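Working notes, beginning with the structure itself.
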Amino acid sequence: MSSSQKGPSSSPSSASFGASQPVKNTFLRRYSTLIAIKLLERIRPRQGNVLMLTGGICVKHGCRVYLSEASTMRFISQHTSIPVPKVFCAFTRSGRTYIVMERIQGDIIGKRWVYRSEDSKAKLLSQLAGKILEMRKLQPPEGNMIANVDGGSLFDCRVAGTSLRFGPFKNIQDFHRHIRMGMEFDPRLPPDIQELIKQHSKTWPLVFTHGDLSSLNILVRGDDLVGIIDWETAGWYPSYWKYTTAYQVNPHNTFWVHEIDKFLQPMPEELAMDQVRLKYFADV
């Protein structure tokens, strides 16, 4: 049984927590990766910061790529049946991180979506809902920290701050305080901000969250879901985060908002709450 076929586990290994570590970081793998990029970067296709080295291998690299993404893909493959790219090696050199991984063959789910039958759409969204349920069943680390899979800082360009990295946080309240830029309750604040701060005082279960379930990050072949990619924003978050971040879609991907309630539990109150946060405190 391959790693991508393993069933869900009730909890991650305690050994997974700490600083994110390189993967198979040998001299030969580093050297081969750097030479391959130098030789192929002008002739091979690229999607953002991902260079397609061959039909089956790609490398994600840059100063805003982090080892925690490699850790996340390995963690998900070990503890769920969610199809994610296999990581061949991951390392950091001169301030840039390189993740060499499997290039899953498939189309983004949104390709020709409007031409799919309703039955085909339902099959794919049902599979997606099942994979998300597997993530939800993963047990959070002791202490309920808001953190990446290794217990370290998180990345999300949609969270305001002086750095794209933030956290980890010892509890949800500290996380909420950060995403509203430290603002505390004051009766002189606009009513919607007052209400936001009150809502932030509630508690939610902590669940492992992809953080960017755009249709651009879901790969399919026919009526089969074959991959979920781009795990850079993943981590342990309050349960509503998976729903509200799914709504923050790429401008070229707006059709997806009409599908989200079909694979995620609708959370309209939390969505309204986070839209107030985005209105006042987001960078995008």
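A simple rule links phi to the HN-Hα coupling: the Karplus curve 6.51 cos²θ - 1.76 cosθ + 1.60 with θ = phi - 60°, which for the range 103-110 gives 9, 5, 7, x, 9, 4, 4, x Hz, with x for Gly and Pro.
Probe of 1.4 angstrom, ligands and nucleic acids ignored: what's the accessible area per residue over the chain, in square angstrom?
Numbers: 13910 Å² over 284 residues.
About 49 Å² of surface per residue is accessible.
Taking amide H as placed 1.01 Å from N in the peptide plane, the amide H of Val207 sits under 5 Å from that of Tyr237, Ser239, each at least 5 places away or on another chain. Between 0 and 90 degrees, the angle of helix 268-281 with respect to the longest Cα principal axis of the chain falls at about 90 degrees. Put Arg64, Arg177 in order of accessible area, highest first, and with a 1.4 Å probe you get Arg64, Arg177. Checking the table Lys60/Lys170; Lys86/Lys202; Lys24/Lys121; Lys121/Lys170; Lys137/Lys170; Lys38/Lys123 against a 32 Å threshold on Cα-Cα, which pairs fail? Check vs 32 Å cut-off fails for Lys86/Lys202; Lys24/Lys121; Lys121/Lys170; Lys38/Lys123.
Under 1.5 on a/c is rounded, so check that first for the range 52-121, then, if it is not, pick prolate when a/b is larger than b/c and oblate when it is not; a ≥ b ≥ c are the square roots of the alpha carbon gyration tensor eigenvalues. If you can, show how the numbers build up before the last one.
Numbers: a/c = 2.56, a/b = 1.89, b/c = 1.36.
Prolate, since a/c reaches 1.5 and a/b exceeds b/c.
3J(HN,Hα) couplings calculated from phi for the range 167-182 with the Karplus curve 6.51 cos²θ - 1.76 cosθ + 1.60 (θ = phi - 60°) are, in sequence order, x, x, 10, 6, 7, 5, 5, 5, 4, 5, 4, 5, 6, 10, 6, x Hz; Gly and Pro show x. Taking θ as phi - 60° and the Karplus parameters 6.51, -1.76 and 1.60, the scalar couplings of the range 22-28 work out to x, 10, 6, 8, 8, 4, 4 Hz in sequence order, x denoting glycine and proline.
Across the range 27-102, C-alpha contacts under 8 Å between residues 6 or more apart give a mean separation that, scaled by the residue count, equals a relative contact order of 28 percent.
Largest mean-square fluctuation among Gly167, Gly56, Gly227, in a Gaussian network model of the chain whose springs join Cα atoms under 10 Å apart, belongs to Gly56. For the residues Pro191, Pro268, Pro45, a GNM of the chain with alpha-carbon springs under 10 Å puts the largest fluctuation on Pro191. Rounded to the nearest 500, the 222 nm mean residue ellipticity of the chain from helices alone is -9500 deg cm²/dmol, with -39,500 (n - 2.57) taken per DSSP H run of at least 4 residues. Ranked by the mean number of other Cβ atoms within 10 Å of their residues, highest first, the peptides 30-42, 82-94, 229-241, 127-139 fall in the order 229-241, 82-94, 127-139, 30-42.
When the Gaussian network model of the chain links Cα atoms closer than 10 Å, the mean-square fluctuations of Ser163, Ser20, Ser126 top out at Ser163. Within the accessible surface of the chain, defined with a 1.4 Å probe on protein heavy atoms only, the carbon and sulfur portion equals 53 percent.
The tail of the calculated P(r) for the range 156-284, taken as Cα-Cα distances beyond 19 Å, holds 51 percent of the pairs.
The values are calculated or read from the model by the stated rules, or taken from the named source; none is laboratory data. Just so it is clear, the structure is predicted and the values come from calculations on it, not from any experiment. Here Cβ is always computed from backbone atoms with ideal geometry, including for glycine, and neighbour counts include all displayed protein chains. Side chains are part of the model used for accessible areas, which takes the heavy atoms of the whole protein and leaves out ligands, DNA and RNA. Shrake-Rupley method; radii C 1.70, N 1.55, O 1.52, S 1.80 Å.
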